[in-house]
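Structure record follows, encoded as structure tokens.
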Amino acid sequence: MASYAKDPRCTAMAEALVPLLRRNCPEGAGGFGGSYQVNLDDEEAVGLGGVELIRAAMRKAARQLGWKVTTMGMIGTRHGTMVVVQDVREVPEEHQVVITDAMNDRMRAALHKVWGEPGPAPVQRGSVALMTQEFRAAVATGSA
């Protein structure tokens with residue numbers, strides 16, 4: 001597998017991603033518990049350098065924030081190309097409640113949608129659709 005660490009496209013994409021990843025951490029969690037997912041059209045992902053370059057950029061950006069990461073990239077899913085990065089560091093006890101509450105909020109919003117409950121869905125910070133839009137804007141700005 002090719003290394004993208006020094007690829008200028010990877011570096012530029014990583015620089016654009018750092019603030020997005022930082023902002024997606026639960027508020028008050030000390031930078032722990034972050035994750036980021038984008039769903040792109042397969043052709044769009046190829047145009048950006050491919051799934052492996054995007055994964056490498058996400059990894060590089062996350063490591064700049066001190067995250068210990070796991071990443072995933074899949075092409076040709078029903079959502080197109082999916083690329084995910086997640087902070088897997090052990091969360092210090094003082095941030096556990098905030099991380100647990102954020103996870104419960106995400107789960108509540110997902111269940112509300114799946115069950116088709118009436119009324120507005122609970123506020124969901126960092127939906128995949130929003131992350132994908134932010135990613136596209138940041139990458140477009142970074143390559144302009």
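The values are calculated or read from the model by the stated rules, or taken from the named source; none is laboratory data. Quick caveat, the model's predicted, so the values are computed rather than measured. Cβ atoms come from the backbone with ideal geometry, glycine included; neighbour counts cover every protein chain shown. For the accessible areas, the whole protein counts, side chains as well, though only heavy atoms, and no ligand, DNA or RNA atoms are used. Shrake-Rupley method; radii C 1.70, N 1.55, O 1.52, S 1.80 Å.
For segment 2-44, GluC sites (Glu not before Pro) meeting the loop criterion (DSSP other than H, G, I, E, B) and having at most 10 other Cβ atoms within 10 Å: Glu27.
The share of accessible area on the chain that comes from carbon and sulfur is 56 percent, using a 1.4 angstrom probe. Within the same chain, lysines fewer than 8 places from Lys60 are excluded, and of the rest, those with a Cα less than 28 Å from its Cα are Lys6, Lys68.
The overall shape of segment 1-86, judged from the alpha-carbon gyration tensor, is oblate: a/c is not under 1.5, and a/b is no greater than b/c.
Taking the helices alone, the chain has a mean residue ellipticity at 222 nm of -17000 deg cm²/dmol, built from -39,500 (n - 2.57) per DSSP H run of at least 4 residues and averaged over all its residues.
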